[in-house]
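Trainee: Here you go, one structure.
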Amino acid sequence: MTLSPKMRTRMTVFWMLLPTFLILIGFYLFPTLYNLELSFSDITLLKLKKGGDFVGTTNYTEFLTSSSFRDIAINTVFWLTAISVSVRIVLGLLFALLLNSKFLKSMRLTTIARLMLLVPWATPPVVAVIAWRWLFDPTYGPINSWLISSGLISDPIAFTANLATVWPAIITIIVWNTTPLIGVSLLAALQTIPEDLNEAAAIDGANRWQQFRFITLPYLMPTISVLTLMSVIWTFNNFVYVWLTTGAGPGTFTNVLATEVYMKAFIDLRIGYSAAIGVSMAVVMAFFGAMYFRYFGLTEMQDKVG
Amino acid sequence: MMKTRSTNALANGIENGALLVAFAVFAVFLLGPAFYVFKGSFENLSVSLISSDGGWTLQNYVSLFQSGYFIYVVNSLVVCITATVLACTISLFCAYCLSRFRFKGRGFVFAAIMGGQFFPWIILVNPIFIVFARTGLINSQIGLILCYTAFITPFTIYLMVGYLTTIPKSLDEAAIVDGASRFTVVTKIILPIMWPGMVAAGTFGFLQSWSEYLLALALITDNAKKTIPLGLYQYFGDVQVDWGAVMAGSVVATVPTLLLFLPLQRKLVSGLTAGATK
């Protein structure tokens, strides 16, 4: 049997795409839909074989009206996402501006700075948490021993167990690990700003702040928005930093949506309930995802290949 | 006149000094934690808090590997390398089709690839766990490899599509006219040209899976199957942390990523924010 060239090409495309389709369906589409189904059932890890019974929206109403919902939502939205993303954008911007300043450029510090940024960037999150837990450690940690030897405090502070310091501690770890990406991206964007724009503005009498406000910032805005949106999406459902730093503790003080999903499924063994939390998260994420697609995503990749 | 010039010079000096100080603060913040872990991994920490004798020792590394850390390193290498090779192979063919053909569902694949890069895996842990539990893939390296392959594929496809668009289509067409099949074109003509792009995508995929924690935590409980991120946390005992082992283990976990990251950095940034800066 011989196939026409057109059919042959079709067959080739089919076979070449098949593995990708299998992955997309098997590991993205199917689990998402299955998770949706689970969220309407009372399935637990103990009756996995039998499966759960349909319970309607019970899981959702239980979660949304539970006493812990408010705290979890605030922790996730305010601390984990809003604060940590803002801090890393601001710090990344400051660092990029610093490296782009005439004086530091003339000192040829940019290459060294790139290497410096590489260290936290390449550090796996697990190790980032370990490094800071060591720095924060009340008995061995360097931070406590500096503070004590400089006379600022008399007793060591357990930074990751103290209610006043635990969120700042977690955010410090996230910021340390993720700011380099922001810094390097913004530096790359800064370097595309034509030099004569600022010179012309200076001749017209614009001061430094005005140059920053009306030239640099508008120029950086597209990069800042894409980085912000990306960071929000990555951080909102991040599990590893909170889990490894505090285990959602002390108590459930630093519990976020991602750790709640994990704990409900693998500690309380309530898979169905946990799935409902996951679906709620997915709805929020879908909103940000749609924003990303709308402004940056799809158009860019399709523009590239036509 | 002289006076304003000297005050200007002074102001400049102060400003430059401030910039240097700011740079130093950033340097300490960025490098400090890694430095302390590196330093700690060569110190004798495990005895008691006062007895730190200040000497350098390899004891942490020796006892780390004696306590079975080696198996985690091997597991991580096996899982991550296999997943990376699989993902790159799958991505090569997919990216080739996306860049060369128009077909039904092409828009869907694009959307899925962009979406897949940001997909919240925390949501997929439950369904994947159940499916794996029913098919016997819990505590299996095959299961973890499949997950990691799926996990890194969207970004490797994305990177490769970008690379493939720089390769002229006339190359493939010439070979097709000479009677080569599409499959031969990809493996014999495209692959050698885009090898640097493959290496970059592969490096990225490897790094992603190397530091993955959540899926490994949910799917692997058997100590003999654990990967480095899980293994490291073994040394955080319930009561006491074996800091010496943890530090040495952290250094072992980070050295490969640092070395791989170095050549990759620029490519990654241009890939991630290409849409915004064009």
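Trainee: Can you tell me which residue among B:VAL85, B:VAL109, B:VAL37 is surrounded by 14 or more Cβ atoms within 10 Å (Cβ to Cβ), β-branched (Val, Ile, Thr), in contact (Cβ under 8 Å) with a residue 60 or more places away in the chain and out of contact with any helix residue (DSSP H, G or I) (no Cβ under 6 Å at 6 or more places or on another chain)?
Mentor: From the options B:VAL85, B:VAL109, B:VAL37, the qualifying one is B:VAL85.
Trainee: Among the listed residues A:ALA73, A:ALA82, identify the single one that is at pLDDT 90 or above and under 30 Å from A:LEU187 (Cβ atoms).
Mentor: Every option except A:ALA82 fails the conditions.
Trainee: Based on what the data block shows, is B:CYS94 surrounded by 18 or more Cβ atoms within 10 Å (Cβ to Cβ), part of a helix (DSSP H, G or I), more than 8 Å from every other protein chain (Cβ to nearest Cβ) and not charged (D, E, K, R)?
Mentor: So B:CYS94 fails the test.
Trainee: Looking at (1) surrounded by fewer than 22 Cβ atoms within 10 Å (Cβ to Cβ); (2) assigned to a helix (DSSP H, G or I), which is the one condition that is false for A:LEU186?
Mentor: Answer for A:LEU186: the failing condition is (1).
Trainee: Let me ask another. B:ASP222 - would you say it is within 21 Å of B:CYS97 (Cβ to Cβ) and of a type in the set (Asp, Glu)?
Mentor: no
Trainee: If the requirement is being surrounded by 21 or more Cβ atoms within 10 Å (Cβ to Cβ), modelled with pLDDT under 90, facing chain B (nearest Cβ under 10 Å) and over 22 Å from A:ILE174 (Cβ atoms), which of these qualifies: A:GLY306, A:GLY297?
Mentor: The match here is A:GLY297.
Trainee: Does any residue in the stretch B:146-170 that is within 12 Å of A:THR20 (Cα to Cα) come within less than 8 Å, Cβ to Cβ, of a residue that is of a type in the set (Asp, Glu) and buried (at least 23 other Cβ atoms within 10 Å of the Cβ) six or more places away or on a different chain, and which pairs are these?
Mentor: B:PHE151/B:GLU212
Trainee: Next question. Filter the stretch B:163-194 down to the residues that are over 30 Å from the mean Cα position of the chain (by Cα) and either among the acidic types (Asp, Glu) or closer than 28 Å to B:TRP121 by Cα (or both), then identify the one that is farthest from the other protein chains (Cβ to nearest Cβ).
Mentor: My answer is B:ASP178.
Trainee: When only residues in the stretch A:251-266 that are surrounded by 20 or more Cβ atoms within 10 Å (Cβ to Cβ) and hydroxyl-bearing (Ser, Thr, Tyr) count, which is nearest to the other protein chains (Cβ to nearest Cβ)?
Mentor: In this case the residue turns out to be A:TYR262.
Trainee: Filter the stretch B:3-27 down to residues that are surrounded by fewer than 11 Cβ atoms within 10 Å (Cβ to Cβ) and at pLDDT 90 or above and give me whichever is nearest to A:THR110 (Cα to Cα).
Mentor: B:ALA24
Trainee: Given the criteria hydrophobic (A, V, I, L, M, F, W, C), within 30 Å of B:PHE206 (Cβ to Cβ) and within 24 Å of the chain's Cα centre (by Cα), does A:VAL87 qualify?
Mentor: yes
Trainee: Do you know which residues across the stretch A:192-203 are surrounded by 13 or more Cβ atoms within 10 Å (Cβ to Cβ) and not in a helix (DSSP H, G or I)?
Mentor: Within the stretch A:192-203, just A:ILE193 meets the criteria.
Trainee: Run A:LEU269 past the list (1) surrounded by fewer than 18 Cβ atoms within 10 Å (Cβ to Cβ); (2) at pLDDT 90 or above; (3) in a helix (DSSP H, G or I) and report the number of the one that doesn't hold.
Mentor: (3) is the only condition that A:LEU269 fails.
Trainee: May I pose another question? Given the conditions (1) under 23 Å from the mean Cα position of the chain (by Cα); (2) within 25 Å of B:ASN75 (Cα to Cα); (3) part of a helix (DSSP H, G or I); (4) touching a residue at least 24 places away in the same chain (Cβ under 8 Å), which single one is not true for B:ASN139?
Mentor: Looking at each condition in turn, B:ASN139 falls short on (3).
Yes/no matrix, rows are residues, columns are (1) within 14 Å of chain B (Cβ to nearest Cβ); (2) of a type in the set (A, V, I, L, M, F, W, C); (3) within 29 Å of the chain's Cα centre (by Cα):
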| site | (1), (2), (3) |
| --- | --- |
| A:ASP196 | no, no, no |
| A:ARG213 | no, no, yes |
| A:PRO218 | yes, no, yes |
| A:THR223 | yes, no, yes |
| A:LEU229 | yes, yes, yes |
| A:VAL232 | yes, yes, yes |
| A:ASN237 | yes, no, yes |
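Trainee: Every residue in the stretch A:273-288 that is buried (at least 24 other Cβ atoms within 10 Å of the Cβ) and touching a residue at least 60 places away in the same chain (Cβ under 8 Å), please.
Mentor: A:TYR273, A:ALA275, A:ALA276, A:ILE277, A:GLY278
Trainee: Given the conditions (1) modelled with pLDDT under 85; (2) part of a helix (DSSP H, G or I), which single one is not true for A:THR139?
Mentor: Evaluating A:THR139 over (1) modelled with pLDDT under 85; (2) part of a helix (DSSP H, G or I) leaves (2) as the failure.
Trainee: Further question: Quick check on A:LEU45: is it modelled with pLDDT of 90 or more, on the phi < 0 side of the Ramachandran plot and of a type in the set (A, V, I, L, M)?
Mentor: no
Trainee: Which members of the stretch B:195-231 meet the condition of being free of Cβ contacts under 8 Å to residues at least 24 places away in the same chain and either surrounded by 21 or more Cβ atoms within 10 Å (Cβ to Cβ) or facing chain A (nearest Cβ under 10 Å) (or both)?
Mentor: Matches in the stretch B:195-231: B:TYR213, B:LEU217.
Trainee: Is it the case, given these coordinates, that A:ALA206 is away from every other protein chain (no Cβ under 14 Å), surrounded by fewer than 17 Cβ atoms within 10 Å (Cβ to Cβ), part of a loop (DSSP other than H, G, I, E, B) and among the aliphatic types (A, V, I, L, M)?
Mentor: yes
The values are calculated or read from the model by the stated rules, or taken from the named source; none is laboratory data. Just so we're clear, the structure is a prediction, and the values are computed from it rather than from any experiment. Positions of Cβ are backbone-derived with ideal geometry, glycine not excepted, and every protein chain shown enters the neighbour counts.
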